[in-house]
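Below: the structure, in structure tokens.
The values are calculated or read from the model by the stated rules, or taken from the named source; none is laboratory data. What you see is a predicted model, and the numbers here were worked out from it, not measured in a lab. Glycine gets a Cβ as well: all are built from the backbone with ideal geometry, and neighbour counts include every protein chain shown. To get the accessible areas, we keep the full protein, side chains included, count just its heavy atoms, and leave off ligands, DNA and RNA. Shrake-Rupley method; radii C 1.70, N 1.55, O 1.52, S 1.80 Å.
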Amino acid sequence: MTVFEVQQGTSPIILGFPHTGTDVPASIWERLNDNGRILADTDWHIHELYEGLLPEITTVRATFHRYVIDANRDPEGVSLYPGQNTTGLVPETDFDGVSIWKGGKGPTEADIAARLRDFHAPYHAALAAEIARVKAIHGVAVLYDCHSIRSHIPFLFEGKLPDFNIGTDMGRTCASAIERAAAEIAAKADGYSHVLNGRFKGGWTTRHYGRPEKGVHAIQMELVQSTHLASEAPPFDLDASKAERLRIHLQAILEHIETIALDHGDFGPKSQT
């Protein structure tokens, strides 16, 4: 089983896709209950949504599902949002807090160790290698981590999420120019709402790799699934008209960030928040 896919380009931007994979090994699939087998917490069609938006962009995509192991969680199991409901390194429940495993078939410590070795680590080795390669070309690299989520999930947050959820760990993971570019374009997108460092402030990937002082910048974009899916319920089909409308704004964000990265080099300390 191939656990990741890489497409190399020469742009300073790398797109990360940790949650679009739906592959589950048979030995794990047989342990999931009927609810788990829906694979509801997938970032449905996100890699398709970004396809072709920027020439020569690099992409790194995990092909395994987050129920195997979550590639956007701390390998030590440390919570991203202490005190708030969330799912862990190998989730016990879905985003609604409902069990995804058959009775007595949940992940053991040995399972987690094996999945860290066989899935999580290879994906991040590939991602780190591409960041290093791109940085060697430009002197700077920008990791843009691509995500989506249902608009209403009471177990995780109150009310409805904004359409564009931009996360930079309160400005720590990228230069202010990058953060500002994404937020300003999202704010101008007619008919869409946005928030910067709201409920989702950037996952482990963004926080782990984002080192502006070393020329590596990271930003997370969490899109509400109602912006591009026909329905946020099975079968989670992509709505082509919604997607095309959304792609215009995503392309503008990527193009603006690329221009900034090419013009600013390592950005310098005064550009950082």
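Rounded to the nearest 500, the 222 nm mean residue ellipticity of the chain from helices alone is -8500 deg cm²/dmol, with -39,500 (n - 2.57) taken per DSSP H run of at least 4 residues. Counting only alpha carbon atoms, the long axis of helix 240-264 and the longest principal axis of the chain meet at about 50°.
Each residue, Q7 and E184, gets one label point 7 Å from its Cα in the Cβ direction; the gap between the two is 2.9 nm. For the chain, list log₁₀ I(q)/I(0) at each q in 0.13, 0.15, 0.17 Å⁻¹, using the Debye formula over Cα point scatterers of equal strength and ignoring solvent, two decimals each. Ignoring solvent entirely, the Cα scatterers give -0.83, -1.12, -1.44. The angle separating the long axis of helix 176-188 from the principal Cα axis of greatest extent in the chain is about 80 degrees. Once the Cα atoms are used to define both axes, helix 121-138 deviates from the longest principal axis of the chain by about 10 degrees. Simple point charges give the picture: +1 on the Cβ of Lys and Arg, -1 on the Cβ of Asp and Glu, and for region 1-50 a dipole about the Cα centre of about 80 debye. The chymotrypsin sites (Phe, Trp or Tyr not before Pro) found in region 149-192 that occupy coil by DSSP, while having at most 14 further C-beta atoms within 10 Å, are F155. Listed by chain and number, the lysines whose alpha-carbon sits under 24 Å from that of K214, ignoring those within fewer than 8 places in the same chain, are K135, K201, K270. Determine, from the Cβ-Cβ distance of A233 and E30 and an R0 of 25 Å, the FRET efficiency 1/(1 + (r/R0)^6), rounded to the nearest 0.05. That gives a FRET efficiency of 0.50. Expressed as a whole percent, the accessible surface of region 92-171 that belongs to carbon and sulfur atoms is 59, based on a 1.4 Å probe.
Evaluate the Kirkwood expression for the hydrodynamic radius of region 99-173, namely the inverse of the mean inverse distance over all pairs of different C-alpha atoms, and round to one decimal in Å.
The Cα-based Kirkwood calculation yields 16.5 Å.
Rolling a 1.4 angstrom probe over the protein heavy atoms, how many square angstrom per residue are accessible across the chain?
Ligands and nucleic acids excluded, the result is 42 Å² per residue.
What the Cα atoms of region 7-119 give is an Rg and a Dmax of 15.3, 48 Å.
Loop-only GluC sites (Glu not before Pro) in region 22-87, please: DSSP not H, G, I, E or B, and at most 15 other Cβ atoms within 10 Å. Before the final figure, lay out each step's value.
On the way: sites: E30, E48, E51, E56, E76; in loops: E30, E51, E56, E76.
Answer in residue order: E30, E51, E56, E76.
Peptides 17-28, 239-250, 209-220 ordered by packing proxy, namely the average of other Cβ atoms within 10 Å per residue, highest first: 209-220, 17-28, 239-250. Note on region 107-227: the alpha carbon radius of gyration divided by the globular reference 2.2 N^0.38 Å gives 1.18.
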